[in-house]
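Below is one structure, written out as structure tokens; the observations come after it.
The values are calculated or read from the model by the stated rules, or taken from the named source; none is laboratory data. What you see is a predicted model, and the numbers here were worked out from it, not measured in a lab. Don't worry about glycine lacking a Cβ; one is built from the backbone with ideal geometry, like all the others, and counts go over all protein chains shown.
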Amino acid sequence: MESVQKNITIEDLKQGSDLLFKQIYENNRDKFLNFARKYNLSHEDNIDVYQDAYIIFYNNVMQGKIEEFTSSISTYLFSIGKYLIFDKMKKNNKTINPDFDLSIIREQNELVDASFELDNEALTTEQVLLKKYFGTLGAKCQELLTLFYYRGYTIKDIITATEYTSENVVKSAKSRCMKTLKERINNNSND
């Protein structure tokens, strides 16, 4: 059935073919549930995540947010699902990466709040500086760096989720934001 999925176009889906959407749903469900097991969520949570990912996929197609697939439909669905898993893990206070402190980042659409309740004494010097100077960046830089480094968005995902128009624009903006952040941290170290 994967070969059938490769031949499905956005135009086919926009026509609202229940049969095509049902095939996509059924052909990817078990693969996704197997993939999602490695994140140690409950089976019910994994099913909920897949259904939510599928609804987002369906809505993106029907609302014209996707103009063409740059990957397979399965890859697109899995990438949506992966971010939903990360969000669910964050809400359940599970760590995605043991080296990253999830408590630094608030809810999905909020960014670092300079007044959050972590005791600065419990943080390393680098974490204190990162917290301090991340808060001085503009909202766009904070959003971009959060999407890329914390939420794990790819450059293409960032284009889809934001107002950026090309990969080069995202890469340049990310580079400028990181440069600014590093300069502010380094200038503090030199004081």
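The figures follow:
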{"read-out": "Cβ pairs under 9 Å, 6+ apart, first in region 13-41 and at positive phi, second basic (Lys, Arg)", "value": "40/94"}
{"read-out": "Unique residue being closer than 28 Å to residue 76 by Cα, modelled with pLDDT of 90 or more and of a type outside the set (Asp, Glu) when the list is 156, 140, 179, 171", "value": "171"}
{"read-out": "Test for residue 66: is it of a type in the set (A, V, I, L, M) and either outside any loop (DSSP other than H, G, I, E, B) or in contact with a Phe, Trp or Tyr (Cβ under 7 Å, 6 or more places away or on another chain) (or both)", "value": "no"}
{"read-out": "Condition met for residue 12 (farther than 15 Å from residue 74 by Cβ and either over 24 Å from the mean Cα position of the chain (by Cα) or outside the structural domain of residue 83 (by TED's automatic domain parsing) (or both))", "value": "yes"}
{"read-out": "Pairs with Cβ under 6 Å, 6+ apart, first in region 58-73 and more than 14 Å from residue 156 (Cβ to Cβ), second at pLDDT 75 or above and β-branched (Val, Ile, Thr)", "value": "73/24"}
{"read-out": "Test: residue in region 151-169 that is outside the structural domain of residue 90 (by TED's automatic domain parsing), touching a residue at least 12 places away in the same chain (Cβ under 8 Å) and under 21 Å from residue 128 (Cα atoms)", "value": "yes"}
{"read-out": "Hits in region 24-50 (condition: within 19 Å of residue 87 (Cβ to Cβ) and surrounded by 14 or more Cβ atoms within 10 Å (Cβ to Cβ))", "value": "32, 33, 35, 36, 39, 41, 45, 46, 47, 48, 49, 50"}
{"read-out": "Helices (runs of 4 or more DSSP H) contained entirely in region 1-62, each with at least 2 residues that are modelled with pLDDT of 85 or more", "value": "18-36, 43-62"}
